[in-house]
Amino acid sequence: MPFYPVSESNNNGFISAGFAIPEPDEQSFDVHPPEGKNPEPRPKEPSLLAAAIRQNNILAGFFRPARQFEPVEGYNPYADKNELHGYEYWGAKFADSRSPEETAWIKQQIDDENEDRRLLSDAGVVGTLASIAAGMDPVTVASMFIPGAQGGALARIGSQIAIGAAGTALSEVVLNNQQITRSWGESAAHVAAGAMMSGVFASAGVALSPSVRAAATREVADALDNMSITSATDRAAASLSDGGSVGAMKIDTATLDDLTPVSGGWVGKAAWKAGSYLTPLTRLMESPSKTVRKTTLELAENNFTLKGNERGIETPVAVETRTRGWQREEAAVVVGNKQAYAKYKADGGDMSFDSFRQQVGNAMRSGDVHANPVVQETAQAMRTVLNRVKVEMQKLGLLPPDEELKALGQASYFPRIYKVGKIISERDKFRRILVDWWSRGNKTLDPEDAEIAADIVINKITGAKVPQDFVSVFSVKAAGSTKERTLNVPDSLIRDYLESDVNYVLQRHIREAAAEIELTRTFGKRTMTERLQLIEDEYDSLLREVPEKIKAKYDESVANLKARYESNGEVVPQGKLDSLMRKYEKELRKEQSRLSKSRANDLRDITALRDRLVGTYGMPDDPSSFFVRAGAFLRDVNFTTKLGGMTVSAIPDLARGVMVNGFRNTMKGYASQISQSPAFKASKEEMLKMGIGLEAVLHSRSRAIGDLVDSSSRTTAVEAGMERITDAFGKLTLMDRFNDINKSMNGMLTSDGILSGAFSARRMAKLGINDNMAARIRSEFEKHGEVIDGWHIGNFDKWDDQYVAGVFQSAVLKDVNNTIITPGIGDTPLWASTPMGRTIFQFKSFTTASYNRALLGGLQEGTAQFYYGTAFQIALGSLVYALKEASKGKNVDWSPEKLVLEGIDRSGILGPLMEYNNMAEKATGGAVGLGALFGTGTQSRYASRGFVGSLFGPSFGLADSIIDVTAGVLNGDAGDRIVHNVRTLIPGNNLFWIAPLINQVDPVMR
């Protein structure tokens, strides 16, 4: 490039520093000009706008040249570990690479994407402006032309939220496929932010361009994504502390009055009377037996404030709460296998994740040995988790010693869960294997006895209600013998009939073993035999006392009667005495009948709670029958076709923290969470160790709300596939993330309140902590805890007294489950646990749980924050109504009475009472109910349900839709109603972020 001379001075008289002329040499009269040279070419500056377009505009990927590489035969990108050094985090992205050139291209793509992210981040405000300019992609532009809802402000807001979520979701699907470093967690955060910011812009009424909205949305999405929920879970689950129990706390000094829930004023009394008959938990707390009430509190998690709590007597830690604490072991299994598989793929493995888990299970049956080192390491890691469960069971006599376990035919212990469907369909083949082994292999039995024993074993397997029942299937009585003997058969012979998926086997084993462990630890036996006998004995005593009490009342009445007559110098007429005798004889019979009936009902309810915890209550004699399996399958289908909007419906959950902890504390907690403060990160690690915030891993609350029950075995591949679909659907709804966010934050508030001493003595006692235990907790905190940004972090895994740590963990876990309502064993009617009851009652568990835990529990507390929090929850329920209606393109009724009624219904605060109202309105066409009383029409939540579905549950509504569609197809009718019904049968059709777009083409919704 030529060098052009520059003027010695600028127009302003200053000489350019770069071209200043040197001073004259003292030895010379000449001035030498500087030597001319060509300057180095200036390096090309990276373009912020280009980086923003590549990161945020789907068009960038469309114009990128397609990858074309010549495959190299036998090439494996994982063969040389050095080849992917520094790219291990994205190891799975290289799985499809078939040549060194393709691997190099992927690495360059990762580098480019990371550099773009760094550049935009470092640029600050300028980077944001570049993102604004880059935000005009086709989806963003198209979103401008999607018609929003007509009507008031909330309708427009709701419409914009729905459109924003849907538009962002479509963009994210494309961007996720275009970019290697873009994770699905990041995309989920962007979808949530899209909905949030669309609502903000709509409510502000600001005429912002789509590009500005897109940029702001990404700013919020980045903040949400930086929460790193998944990675935090992965890190914590690897160090989950041992499962265990805290032991029963002593409340033996409590009286019947101490174990009575406080009234909560006249409103609380009315609410209790209106709904106490519905659930076993509330019925049992009205029992005349002190032992029954104490047993109920020790069994079932609850949110009741007792009169004894006001006197410093603690509520015992429930077996249900401690059982839920074992979920951390479940999480360790799921997360551990997921991480191990990533390592396996990085090392060049080609198995699918399903096959990998099967191989880990097979290795655990074979002494934790496998040809693949990663599979072997994983089996050994899973052995650590399994041993924690096994050792606890052996301590309590629930499992035989290791020597006897091996005698059952296993090289190393791995719980047997049978493929019941396969055994049923291949009964003769499976039977022949058993008979041949016992009669010819180890010659345990003669052929005739072996035939009989094989039938006994198979019948036990096919009739098992829970996996724990499989433990004793080989205990049989030989012909002519009165004593059982345990037979064995090697795993290798029946491997085809055993479940080997390590996730499936260990998760179910942990769930059911945890219940057995905690029941045995608290009551001596899983069957609770001794405690049930104590209840019988107390009722016998109460019945014996009745005649004495009635006689004392009779004698007192006779004495008063005689005194009155004698004062007048008269004698009591015999007729008066006979009448008095008949009155008290009738009262005696009535009281004895009442106590006898109460005893029968209490024993029924107590055993029901026990069996619900174990998972056997309401199970039919043949749990593998077609009708039982069909009902479970239909409930899974309902979950995936009808609960796509459950995260939007759960918005009122945000008010639960306010109702329990107050507005100021709740906002402080959410602020710490959103800013990802060091205190929140430390607290979140604590919560994960307690088993709180694992919804994204286990989906436990979503499954409880959807009334999905894990079966003891998977009978067909279709059923197994449906289980995977429901888990995936839970992720797509974003409900699991929403639950984790709320539970982690509220757990932080509870933990801080306990450790700081901010909670009242009554609330501490309600959580299972009396004054003495509170002092012990404070002592441990002073030694091992820390205060970060004003938040108290316990570091309970370092405490010297692990019993105290267990009480602390259980208190936090109980409070979180009561705040973010998670239905428990005592929160639903007993009939709802039968196969037909589950079908009819599906999606209604939350209503009765909310009534017990939110309304009754809150009224008993009687705090101001409960009442203003309830008002806030109703307001959020009204918002949900407006959002739902707007997303469907319907007009919103803004009358105050309509908003209040819809808010109450959507908030769930009145639980089943509003369900009764809604069913009455549906059955009478709106002629009977609150809508008719206030002139607001029927409630919108039931608007899309037919009468059959409203009364008998979604499965019957589903059958109604299928019949309607079938009739339409056969008759050649493809009308609007048929098209709409077909849409409702598609899984995910009402996911909140895609439903608004589907609604545009649904003729019924337009």
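The Cα center of region 755-830 and the Cα center of region 308-330 differ in position by 10 Å. Between residue 574 and residue 286, what is the FRET efficiency for a Förster distance of 30 Å, r being their Cβ-Cβ separation, to the nearest 0.05? Efficiency computed from Cβ-Cβ geometry: 0.15. If you take the charge dipole of region 871-977 about its Cα centre, with +1 on Lys and Arg Cβ and -1 on Asp and Glu Cβ, which of 900, 968, 913 is farthest toward its positive end? Of the options given, the answer is 900.
Modelled this way, with points 7 Å down the Cα-to-C-beta line, the labels at residue 387 and residue 355 are 3.1 nm from one another. Residue 756 label point, 7 Å along Cα→Cβ, cut-off 11 Å on backbone N: hits in region 771-801? Residues 788-793 fall inside that zone.
Rounded to the nearest whole Hz, the Karplus-based 3J(HN,Hα) values (6.51 cos²θ - 1.76 cosθ + 1.60, θ = phi - 60°) of region 649-666 follow the sequence 5, 8, 3, x, 4, 4, 7, 5, x, 5, 4, 9, 10, x, 5, 4, 5, 5, with x at glycine and proline. Summing Cβ point charges (Lys, Arg +1; Asp, Glu -1) relative to the Cα centre of region 660-792 gives a dipole of roughly 320 debye. Straight-distance candidates among the lysines for linking to residue 884, with alpha-carbon spacing under 16 Å and chain neighbours fewer than 8 residues away dropped: 642, 898. Sparsely packed loop sites in region 567-656 (the GluC sites (Glu not before Pro) outside DSSP H, G, I, E and B with at most 13 other Cβ atoms within 10 Å) comprise 570.
Listing 430, 414 from fewest to most neighbouring C-beta atoms within 10 Å gives 430, 414. Each residue of region 278-286 was assigned a 3J(HN,Hα) from its phi angle through the Karplus expression (A = 6.51, B = -1.76, C = 1.60, θ = phi - 60°), giving 6, 10, x, 4, 6, 5, 5, 6, 9 Hz with x at Gly and Pro. Between residue 118 and residue 594, the modelled label-to-label distance comes to 7.9 nm, taking each label 7 Å out from Cα in the direction of the beta carbon. Of the residues 784, 85, the one with the fewest other Cβ atoms within 10 Å heads the list, and the complete ranking is 85, 784. Quick check on region 951-1001: take the gyration tensor over C-alpha atoms, sort the square-rooted eigenvalues as a ≥ b ≥ c, and tell me if it's rounded (a/c under 1.5), prolate or oblate. Verdict is oblate for region 951-1001. Sites listed here are trypsin sites (Lys or Arg not before Pro) in region 353-429 whose DSSP assignment is loop and whose Cβ has at most 13 other Cβ atoms within 10 Å, and the list is empty. Approximating the spin labels as points 7 Å out from Cα along Cα→Cβ, the residue 73-to-residue 563 distance works out to 11.5 nm. Given +1 at the Cβ of Lys and Arg, -1 at the Cβ of Asp and Glu and no other charges, the dipole of region 780-870 around its Cα centre is 680 debye to the nearest 20. One Cα centroid belongs to region 390-407, the other to region 551-621; the line between them spans 50 Å.
For the pair residue 664 and residue 771, what calculated FRET efficiency results from E = 1/(1 + (r/R0)^6), where r is the Cβ-Cβ distance and R0 = 35 Å, to the nearest 0.05?
Given R0 = 35 Å and the Cβ-Cβ separation, E is 0.85.
When the Cα positions of 777, 795, 849 are compared along the charge dipole of region 732-883, 849 comes out farthest toward the positive end, with charges on each C-beta of Lys, Arg, Asp and Glu. Ranking of 49, 910, 734 by neighbouring Cβ atoms within 10 Å, starting from the fewest: 49, 910, 734. Look at the Cα gyration tensor of region 324-416: its axes a ≥ b ≥ c give a/c of at least 1.5 with a/b at or below b/c, and that counts as oblate.
Around the amide H of residue 498, modelled in the peptide plane, lie the amide H atoms of 419, all under 5 Å away and 5 or more residues distant in sequence or on another chain.
Coordinate-derived values only; no laboratory data. On a predicted model such as this, the values are computed, not experimentally measured, just so you know. Every residue, glycine among them, receives a Cβ derived from its backbone with ideal geometry; neighbour counts consider all protein chains shown.
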